[in-house]
Amino acid sequence: MPLLLDRQIAENTWQFVEESLPADTGNADLVVPFELLPQLLDQHQGRCGVRVPGELPYEELLPFLERVALIEIEFPIFRDGRGFSLARLLRRAGFTGEVRAVGDVSRDRLGYMERCGFNAWMISDERFSESDLQAFAEISVRYQAGADDPRPIYRQQ
Amino acid sequence: MYQYNEVDQRIVNERVEQFRDQTRRFLAGELPEEEFQVLRLMNGLYIQRQAPMLRVAIPYGLLSSEQLRKLAHIARVYDHGYAHFTTRTNIQYNWPKLEQVPDILAELAEVQMHAIQTSGNCIRNTTTSHFAGIEATEVEDPRPWCEIIRQWSTLHPEFAYLPRKFKIAVTGGPEDRAASQVHDIGLHLVRNDQGEVGFEVLVGGGLGRTPFIGKVIRDFLPKQDLISYLEAILRVYNLKGRRDNKYKARIKILVDAMGADAFRELVEAEWAHIRDSELRLTDAEVERVKGYFAPFAYDAAAADDASLNQHLAEDQDFRVWYERNTREHKAPGYRIVTVSLKPHLGAPGDATDLQMEVVADLANQYSFNEIRVTHDQNLVLGEVKQADLYSVWQTLVEHNLARANIGTLTDMICCPGFDFCSLANAKTLNIADDINAAFDDLDYLYDLGEIRLNMSGCINACGHHHVGHIGILGVDKKGEDWYQITLGGSSREDASLGKVLGKSVAADEVPETLRRILLTYVEQRIEGERFLDTVRRIGMDPFKEKVYAAAA
Ligand code: SF4
């Protein structure tokens, strides 16, 4: 499954562990559901990530922001927009690691997602095309404040 | 009116090209139908019963002559020579071809127009009073604030995939002509005890299946905090609004379920994070936008004209029209003219390409080049010198735009219904015709006075039936069209939801039912009492008795 990271096609180093963690997790980059995060942080030597649904209140993630390198936000369907606000709030709270969109992710929301603080996207093989990278440049005007630029249009320049 | 700068123009141009590419990918099979549907809706494009329908935004109902001519041109070249004005003061084309829509959008962009967010689960066109800026009772002109909201809401990256559509209305003073209390957010410009102007903020109003009157969550919002406060409301709604059931997804359901106080607390908590951020509006920006809405240079001698009185004395038809379809302007010697799009036996709110051009020319010649679209689906020439009224009237008469029925029973709000809309349960346009045929005696209509009749072809309530003094709702009974009648609604500052009269009536019984309702009113009213006030005073029973007695 192709990964876009910072507007480039990139190699995915992260491994998603959905259920129980083995006793020895080695040194890999591991990402787990929110429920398993405390355990992962406890035992794991390598980099830790967490996968959350868009509806998770962002306050619940605040205690972990310093200790995770990746937050994956799930999009269950195309029209579910909660993840946009969640990403925004995580960036506002100071999270500087990777914020990755997973699930139903495709070209026509990439620009908005980036403005809300996402910098990585997992796109399914059948939906991915190299031309997806052009999506970021489609709209160059930013009326609103975003995670990328806190200045609305009336404070720019 | 507001003029695009280079940035405003660029965003619209880029959106046209973006949509062109989306359409191309869809037609090439690269973009799945479900995704294209969401994307095209956010660009105002529906697939309707007959053909696609394109809804073009008319921000806060204001048009220049040039823009209206472009709308006429599109009707002629890409459609069947007419279009329909809606209660959100937008315009709909019923027959465009999908492949041509990008070209239509490109033509619109040439005159600073677009179809951005006229549908879909995003922030829609912000509306206001059609008399904004020209009414003496106004606290402040709401249009600069509408423009500021337009820019903030246009392609907002965070609020494009909301649980459901989202509508904002702004009023500039005590008179509410924008139905603000039945909006997701209603903003009222008010003056506080210190004499400062700010906003009273309402949330959670709405029509549709579960109608609600909006609740005040803030009595006074300083003006410079407008954007941060809106952003806080939208963020709470985006995260907490229901997404499991589209009938429960509007903000009104969220506010009702948690209570206005709990909702306010969430908003205020979020607002505390962003209130002092760069979202705060700058004086320079507010002044820049206000500069586009400065009053025109009125002719100080306009009121000296003597010809108006002479025409009024000599021409009875002109006098009737003058009394019904024009009203006071704040500048002496000027009148506000309502152009009736409610002709006898014509679809309410429709205009032909020629009619649009005629109105554009009149605005150009007599009304500072501007036209307003009203919430009740008419057009307004806002600032006509009294000396010019007679000429304006003659031209309007010639083009069937001067029916002297503004504010009366036949000045109905009416959605397109089954003839065009794929969601409809029943037809509306034939009922509108029947009502027109049954009540064409103008003296009788004038005697009845102000009556707001609103009709919707299904519970989605695009025709705002809940807030009509008389509301008519099309329902489907075993494949036949029936109509449920409500009485006592209002979308004005005294907003209320109508109550159901009783069991619904068949299509051919609607005029007779109305006749009995109106007869009851005439019998029961006290001197000078409006229909709505009589309903409120005497309740539903006398109306029920009169309507259903004969049938029993
Ligand atoms: S009220 Fe119903 S029938 Fe009328 S336009 Fe809206 S969705 Fe269509």
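The values are calculated or read from the model by the stated rules, or taken from the named source; none is laboratory data. Nothing here was measured: the structure is a model prediction, and the numbers come from that model. Counting neighbours? That spans all protein chains shown, and the Cβs are built from the backbone with ideal geometry, glycine included. Calculation scope for accessible area: heavy atoms of the full protein, side chains included, ligands and nucleic acids excluded. Shrake-Rupley method; radii C 1.70, N 1.55, O 1.52, S 1.80 Å.
Residue by residue, here is whether (1) more than 30 Å from B:K165 (Cα to Cα); (2) touching a residue at least 60 places away in the same chain (Cβ under 8 Å) holds:
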residue: B:D481; (1), (2): no, yes
residue: B:R515; (1), (2): yes, yes
residue: B:R525; (1), (2): yes, no
residue: B:R530; (1), (2): yes, yes
residue: B:T534; (1), (2): yes, no
residue: B:I538; (1), (2): yes, no
residue: B:E545; (1), (2): yes, no
residue: B:Y548; (1), (2): yes, no
Is it true that some residue in the range B:162-174 is part of a loop (DSSP other than H, G, I, E, B), in contact with a Lys or Arg (Cβ under 6 Å, 6 or more places away or on another chain), within 14 Å of chain A (Cβ to nearest Cβ) and surrounded by 24 or more Cβ atoms within 10 Å (Cβ to Cβ)?
yes
Name every residue in the range B:85-108 that is open to solvent by 10 Å² or more (accessible area, probe 1.4 Å) and not basic (K, R), in order of residue number.
B:T86, B:T87, B:Q92, B:N94, B:W95, B:L98, B:E99, B:Q100, B:D103, B:A106, B:E107
B:S496 being at pLDDT 95 or above and within 26 Å of B:Q92 (Cβ to Cβ)
no
Going by the conditions given, is B:R40 assigned to a helix (DSSP H, G or I), crowded, with 22+ Cβ neighbours inside 10 Å and touching a residue at least 12 places away in the same chain (Cβ under 8 Å)?
yes
Exception for B:N436 within (1) among the polar types (S, T, N, Q); (2) within 16 Å of the ligand (Cβ to nearest atom); (3) open to solvent by less than 10 Å² (accessible area, probe 1.4 Å) falls at (2)
Residues of the range B:339-360 being touching a helix residue (DSSP H, G or I) at 6+ places or on another chain (Cβ under 6 Å) and open to solvent by 10 Å² or more (accessible area, probe 1.4 Å), which ones?
B:H344, B:L345, B:A347, B:D353, B:E357
With respect to B:E158, determine if the residue is outside the structural domain of B:L239 (by TED's automatic domain parsing) and among the acidic types (D, E).
no
If we keep just the residues of the range B:456-467 that are within 18 Å of B:A169 (Cα to Cα) and in a loop (DSSP other than H, G, I, E, B), which is farthest from the ligand (Cβ to nearest atom)?
B:H464
The number of residues in the range B:301-316 that are touching a residue at least 24 places away in the same chain (Cβ under 8 Å) and open to solvent by 80 Å² or more (accessible area, probe 1.4 Å) is 1
Only one of B:P222, B:P211 is at negative phi and without any contact (Cβ under 8 Å) to a residue 40 or more places away in the chain. Can you tell me which?
B:P222
Can you confirm whether B:C421 is open to solvent by 10 Å² or more (accessible area, probe 1.4 Å) and within 14 Å of B:H465 (Cβ to Cβ)?
no
For the range B:133-146, indicate whether the set of residues that are farther than 23 Å from B:A331 by Cα, open to solvent by 10 Å² or more (accessible area, probe 1.4 Å) and not assigned by TED's automatic domain parsing to the domain that holds B:N325 is non-empty.
no
Do we have B:G474 as outside any helix (DSSP H, G or I), near the ligand (Cβ under 9 Å from one of its atoms), surrounded by 20 or more Cβ atoms within 10 Å (Cβ to Cβ) and within 17 Å of the chain's Cα centre (by Cα) here?
no
Looking at (1) of a type outside the set (D, E); (2) closer than 23 Å to B:A132 by Cα; (3) touching a Gly at 6+ places or on another chain (Cβ under 9 Å), which is the one condition that is false for B:I253?
(2)
From the set of residues in the range A:122-157 that are facing chain B (nearest Cβ under 8 Å) and open to solvent by 50 Å² or more (accessible area, probe 1.4 Å), which is nearest to the chain's Cα centre (by Cα)?
A:P150
Could you please find all residues in the range B:1-24 being of a type in the set (D, E, K, R), in contact with a helix residue (DSSP H, G or I) (Cβ under 8 Å, 6 or more places away or on another chain) and more than 9 Å from chain A (Cβ to nearest Cβ)?
B:R20
So if I check each of B:G198, B:G120, which one is outside any helix (DSSP H, G or I), within 21 Å of the chain's Cα centre (by Cα) and of a type outside the set (S, T, N, Q)?
B:G120
If you take just the helices (runs of 4 or more DSSP H) that sit entirely in the range A:3-121, which of them hold at least 1 residues that are in contact (Cβ under 8 Å) with a residue 40 or more places away in the chain, open to solvent by less than 50 Å² (accessible area, probe 1.4 Å) and within 14 Å of chain B (Cβ to nearest Cβ)?
A:82-92, A:110-116
Conditions (1) open to solvent by less than 20 Å² (accessible area, probe 1.4 Å); (2) of a type outside the set (D, E, K, R); (3) away from every other protein chain (no Cβ under 14 Å); (4) touching a Ser or Thr at 6+ places or on another chain (Cβ under 7 Å); number of the one not met by B:V201
(4)
All conditions in (1) modelled with pLDDT of 95 or more; (2) within 23 Å of B:G133 (Cα to Cα); (3) out of contact with any strand residue (DSSP E or B) (no Cβ under 8 Å at 6 or more places or on another chain) are true of B:K330 except (1)
Looking at B:T395, is it closer than 23 Å to B:H469 by Cβ and among the β-branched types (V, I, T)?
no
So if I check each of B:L453, B:L487, which one is away from the ligand (no atom under 16 Å from the Cβ) and open to solvent by less than 30 Å² (accessible area, probe 1.4 Å)?
B:L487
Before we move on, is B:R20 open to solvent by 20 Å² or more (accessible area, probe 1.4 Å), of a type in the set (D, E, K, R) and outside any helix (DSSP H, G or I)?
no
Considering only the range B:369-391, I want to know if a residue exists there that is touching a Cys at 6+ places or on another chain (Cβ under 7 Å), within 16 Å of the ligand (Cβ to nearest atom) and of a type outside the set (S, T, N, Q).
no
Of all residues making up the range B:406-433, the number that are in a loop (DSSP other than H, G, I, E, B), small (G, A, S) and within 16 Å of the ligand (Cβ to nearest atom)
3
